[in-house]
Structures are given as C-alpha cells and as structure tokens.
C-alpha cells in the first residue's frame with residue numbers, strides 16, 4: 001500500500017550527485033506514493049572518507065542544483081548542520097523535524113546486503129521502512145533473503161532499472177578527461193567544470209583514482225565490475241573493523257579480479273611476461289587461481305603500494321603469514337554483497353566478530369569442496385591450515 005504521507009530519505013556523500021540518485025528517488029516516489037524525497041548530504045560518513053576532500057558546503061550546493069526544479073525532491077542539511085554520523089541519529093532527527101511522519105529510507109541493494117554491519121540497524125528499521133533499488137549483477141534471491149531478515153513489510157524492493165552509475169565513476173571520468181554528460185544533470189556538469197572539481201592537482205592521482213581508471217580501461221563485464229566494487233566495499237568495512245588501511249583495502253578490492261576474464265592462454269602468457277613461477281596446480285587451473293598473481297604483478301608494475309599487490313596475489317589461496325589486509329581481502333572476496341552461497345550471511349557476521357576465524361572457515365570450506373570434487377588442494381592452503389592450528393595449540 002502506498003505511503004501517502006510518508007517522506008523518503010536518500011542519504012549519501014553526493015560527491016557528486018548523479019542521474020542514478022535521481023532515478024532511484026523518482027521510482028521510490030512513484031511506487032510508494034511518497035509525498036517527497038529528502039536528499040541528505042553526509043557530513044562525514046562513518047564507513048568511508050570523502051573522496052578528494054570536497055567540502056560539505058560544496059556537496060550540499062551540488063545536491064541542491066541536482067534536485068532543483070523537481071517539486072518532489074528537497075534537500076535537508078540535518079547531517080551537516082548537526083555533524084550527525086549515523087543513519088539512526090539522522091532518522092531520529094528527521095522524525096522530530098517532521099513531527100513523527102512515517103519515513104522511508106532509500107538506498108541501493110548493497111545497502112541492504114551490508115545492513116547488518118551498520119550502526120544500530122534495528123533502530124533504523126524501527127524509525128523507517130527500507131526501500132532498496134537493484135544494482136547490476138544482483139541475485140534476486142540474495143535480496144529476498146536479506147529483506148526477510150528484517151521482518152515482513154519492513155523492506156521494499158523497488159522495480160527500478162539497474163543503473164551502473166556511481167559517484168566514484170563520475171570522479172574517475174573527470175580525472176581522466178572523459179565526458180560525464182548524460183551521467184549527471186547538466187547543472188552538475190557545469191558546476192564541476194566551473195569549479196575544477198575532481199581533476200588531479202598534481203601529476204599524481206590518489207591510488208583509489210588510479211584503481212578506478214584501471215578497471216574502467218580494462219572494460220570488465222558488468223557482473224565482474226559489480227563484484228569488484230562489492231569486494232572493495234566489504235574489504236574497506238573489514239579494514240576499518242580490524243585496523244588495516246581502508247584505502248588500501250578498497251583499492252585491492254577494486255583491482256583483485258583485474259585479470260579474471262582473461263583466457264587460460266592469456267593468463268599463462270602474462271605469468272611468463274612477469275617472470276612468475278607457476279606450479280602444476282596453478283597451471284591446471286590458471287583462470288581460477290593464477291589470475292590473482294598475474295593481477296598482483298600488473299598492479300605492482302603500475303606503481304601501487306606493495307601491500308596492495310601482496311593482498312591481491314593471495315586472495316584466491318590464502319597462505320601462511322597473511323597480513324590483516326591480506327585477510328580482509330580474502331574474506332571480502334567471498335562475502336561481498338553479491339555473494340549468495342548458503343551460509344554467507346553467517347560468514348559475514350563471523351567476519352565482524354573474528355576475521356581470522358572467518359578466514360579459517362573459508363579455507364576449510366574450500367578444502368571440503370575440493371575433496372568432494374576429487375581435486376588436489378594447493379600446498380598454500382594446507383600451509384595456512386597448519387599455521388592456524390599451530391597458533392591454537
């Protein structure tokens with residue numbers, strides 16, 4: 001039943017706002033009968049940094065320009081005015097300002113799939129219904145299971161086109177000198193150009209910007225790009241939880257499957273080019289296993305931090321002596337929002353309680369799958385298992 005008196009809430013850094021933000025808000029209005037949608041620019045999101053250090057006032061101005069002329073949309077300064085960091089606090093403040101009117105919190109499906117790791121998710125669903133829009137590569141079954149976890153009627157899945165547009169994509173295109181027309185409203189395109197936003201201020205771009213450019217230039221399939229972005233998000237969250245560099249984790253997530261769509265012959269050729277010693281198991285399953293070390297070699301050659309390349313090289317097999325960053329990426333690859341295997345929700349929860357236990361459980365799971373298929377386990381997997389058991393004795 002449409003929420004005739006309800007108000008939609010669409011939060012984000014809006015750095016910059018783009019047409020997918022407007023499309024999601026429009027679909028929510030139409031499908032839920034919302035009176036209007038409030039766009040709420042973040043002051044400083046708790047789960048990520050503001051890219052390019054774009055001030056809150058600038059992002060607020062861009063958001064106003066993006067929604068100007070559409071009477072269904074308005075902009076709220078609540079988070080910026082009060083320095084609010086958590087969605088539960090924002091929704092409580094908006095409920096107060098709007099005299100207890102029902103609220104609908106609008107987001108992408110990745111929001112729903114990560115929702116259990118948010119601050120006070122139970123409070124959020126008490127303060128508002130959730131409306132989520134699909135993204136490219138989504139598995140509808142995973143969305144349905146995630147929605148059911150929060151109670152009947154608390155989550156609505158919007159019938160929206162899955163637009164593969166993100167603010168990071170817009171920033172990367174600008175930094176690379178590529179057009180953004182039709183990806184952002186015309187007023188935003190002009191504002192970015194007039195204020196020189198997102199263009200490198202020196203010959204060096206940030207590693208995240210360079211990673212965005214690499215995956216854009218590689219031309220990954222929509223499905224694989226969605227997986228890489230989901231892995232980057234999950235790796236960044238785990239890094240914040242367990243003390244690794246969130247930026248390094250996000251870059252490693254973006255680039256970890258850079259070579260996943262190469263053919264077996266292409267992977268082996270790249271391994272030879274970079275002087276990699278290939279063992280028999282890697283040669284037999286080059287696409288499934290060796291793509292990780294080949295991607296690591298390419299990432300190192302491109303000048304990324306050694307820790308990032310190391311994590312990428314270890315994300316398929318694990319191994320002894322793994323750093324926290326290595327482990328974050330290994331676990332994130334298996335538990336990013338698009339993964340739907342049986343037990344993945346429990347594994348995501350375990351990863352927030354004990355990263356090492358989650359990694360051990362994933363290696364044991366992989367070993368059991370290999371046993372069932374009659375395949376040899378790689379010695380690195382066995383060495384990891386031996387190391388972990390030695391720690392427990």
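The values are calculated or read from the model by the stated rules, or taken from the named source; none is laboratory data. From a predicted model like this one, the values you see are computed outputs, not experimental measurements. Heads up, the Cβs are rebuilt from the backbone with ideal geometry, glycines too, and the neighbour counts pull from every protein chain shown.
Brief remarks on what is shown
- Those residues of segment 357-384 which are farther than 19 Å from residue 329 by Cβ, within 31 Å of the chain's Cα centre (by Cα) and in a helix (DSSP H, G or I), in sequence order: 367, 368, 369, 370, 382
- Criterion: within 24 Å of residue 375 (Cβ to Cβ) and touching a helix residue (DSSP H, G or I) at 6+ places or on another chain (Cβ under 9 Å) - qualifying residue of 298, 270: 270
- Test: residue in segment 231-246 that is surrounded by fewer than 18 Cβ atoms within 10 Å (Cβ to Cβ), modelled with pLDDT under 90 and within 30 Å of residue 58 (Cα to Cα): no
- Residues of segment 266-280 satisfying the condition of being within 13 Å of residue 298 (Cβ to Cβ) and part of a helix (DSSP H, G or I): 266, 267, 269, 270, 271, 273
- Count of residues meeting criterion [touching a residue at least 40 places away in the same chain (Cβ under 8 Å) and over 11 Å from residue 260 (Cβ atoms)] in segment 290-302: 3
- Test: residue 321 is within 17 Å of the chain's Cα centre (by Cα), closer than 21 Å to residue 239 by Cβ and part of a loop (DSSP other than H, G, I, E, B): no
- Qualifying residue in segment 181-193 (condition: in the same structural domain as residue 69 (by TED's automatic domain parsing), part of a helix (DSSP H, G or I) and in contact with a helix residue (DSSP H, G or I) (Cβ under 7 Å, 6 or more places away or on another chain)): no
- Test: residue 101 is in contact with a strand residue (DSSP E or B) (Cβ under 8 Å, 6 or more places away or on another chain), free of Cβ contacts under 8 Å to residues at least 12 places away in the same chain, outside any strand (DSSP E or B) and outside the structural domain of residue 246 (by TED's automatic domain parsing): no
- Subset of segment 15-28 (residues that are free of Cβ contacts under 8 Å to residues at least 60 places away in the same chain and surrounded by fewer than 20 Cβ atoms within 10 Å (Cβ to Cβ)): 26
- Criterion: free of Cβ contacts under 8 Å to residues at least 40 places away in the same chain and surrounded by fewer than 17 Cβ atoms within 10 Å (Cβ to Cβ) - qualifying residue of 223, 199: 199
- Leading residue by the ranking (surrounded by the fewest Cβ atoms within 10 Å (Cβ to Cβ)) among those in segment 60-74 that are more than 25 Å from the chain's Cα centre (by Cα) and farther than 15 Å from residue 23 by Cα: 61
- Hey, residue 187 surrounded by 14 or more Cβ atoms within 10 Å (Cβ to Cβ) and farther than 28 Å from residue 218 by Cβ or not: yes
- Matching entry among 197, 224, 130 (being at pLDDT 90 or above, in the same structural domain as residue 246 (by TED's automatic domain parsing) and either within 22 Å of the chain's Cα centre (by Cα) or not in a helix (DSSP H, G or I) (or both)): 224
- Extreme residue, nearest to the chain's Cα centre (by Cα), among residues of segment 133-167 that are assigned to a helix (DSSP H, G or I), crowded, with 20+ Cβ neighbours inside 10 Å and touching a residue at least 60 places away in the same chain (Cβ under 8 Å): 167
- In segment 326-346, residue surrounded by the most Cβ atoms within 10 Å (Cβ to Cβ) [restricted to those that are over 16 Å from the mean Cα position of the chain (by Cα) and over 25 Å from residue 133 (Cβ atoms)]: 327
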